[in-house]
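Everything on this sheet refers to the single structure shown next.
The values are calculated or read from the model by the stated rules, or taken from the named source; none is laboratory data. Every value quoted in this text rests on a predicted model; they were computed, and no experiment measured them. Reconstructed Cβ throughout: ideal geometry from the backbone, glycine too, with neighbour counts over all protein chains shown. Ligands, DNA and RNA are stripped out before the accessible areas are found, and what is left, the full protein with its side chains, is counted by its heavy atoms. Shrake-Rupley method; radii C 1.70, N 1.55, O 1.52, S 1.80 Å.
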Amino acid sequence: MIWNFDPVAISFLGFKVYWYGILFALAIISGLQTMQVIYRREKMPLDHLYDQLVNLFIGIIIGARLVECLFYYPQYYLNNPLKIFAIWEGGLASHGGAIGSIVVVFLYTQKYKLSFIWIFDRFVISIAIFSFFIRVANFLNSEILGIPTNVPWAVTFQQVDMLPRHPVQLYEAFTFLGIFILLVSIYTRSKIIHKGILLGLFLSLTFVTRFLL
């Protein structure tokens, strides 16, 4: 399959909205909705969640942008430091966003005297669905490419080169979707969830999957 998708969703009077940004927003919304359901189920005050929403959004954006710029393209962004702020052009690393969210959640648990592990057992469910949307965004943006291959479902990312490649972004996206479904199933069907079980399962499956891919 030849993939030559336009990363720009909307262009108006010189202002561009990228599909990556739209998917990133959907990722945050889906993660928030998931946590709202969990908080209601656990009879936790929703105002605690809303209180940290802006902080979480800022933490995710800053973490994702800094890792993308300084880890993947340090030479370019150190020579063009103002471009670091141009998030509308795309370029947000999901694991950087995860780091930013971890910092915010840690501060949140300290503020409300909550168990960090207990919160993260629930939070990783949101991270899983968040990561699904991010990897779909990576596919639309023709980035994080797989190795060349001749399999029938290979994708040629024409904006990069003419080599047919594994659509590794979609492999990982649907892996995260599967992890999300698994975690939701365990969370909703288990009467007792020991601390660290969901977190450990998420980390194990994620790291094994990313290593293999």
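Exactly one condition in (1) open to solvent by 40 Å² or more (accessible area, probe 1.4 Å); (2) within 21 Å of Gly100 (Cα to Cα); (3) of a type in the set (Lys, Arg) is not met by Arg135; state its number.
(1)
Assess whether Ile58 counts as being β-branched (Val, Ile, Thr), assigned to a strand (DSSP E or B), on the phi < 0 side of the Ramachandran plot and exposed (fewer than 13 other Cβ atoms within 10 Å of the Cβ).
no
Which of the following residues is over 20 Å from Gly178 (Cα atoms), in a helix (DSSP H, G or I), more than 18 Å from the chain's Cα centre (by Cα) and not basic (Lys, Arg): Leu107, Leu66, Leu114?
Just one listed residue meets the conditions, Leu107.
Going by what's in this entry, would Tyr77 be described as without any contact (Cβ under 8 Å) to a residue 24 or more places away in the chain and open to solvent by 80 Å² or more (accessible area, probe 1.4 Å)?
When the stated conditions are applied, Tyr77 does not pass them.
Look through Leu140, Leu170 and report the one residue that is closer than 13 Å to Trp3 by Cβ, open to solvent by 40 Å² or more (accessible area, probe 1.4 Å) and not acidic (Asp, Glu).
Leu170
Conditions: (1) at positive phi; (2) open to solvent by less than 20 Å² (accessible area, probe 1.4 Å). Lys113 meets all but one. Number of the miss?
(2)
On the basis of being touching a residue at least 24 places away in the same chain (Cβ under 8 Å), among the small types (Gly, Ala, Ser), open to solvent by less than 30 Å² (accessible area, probe 1.4 Å) and closer than 25 Å to Val54 by Cβ, does Gly146 make the cut?
Answer is no for this residue.
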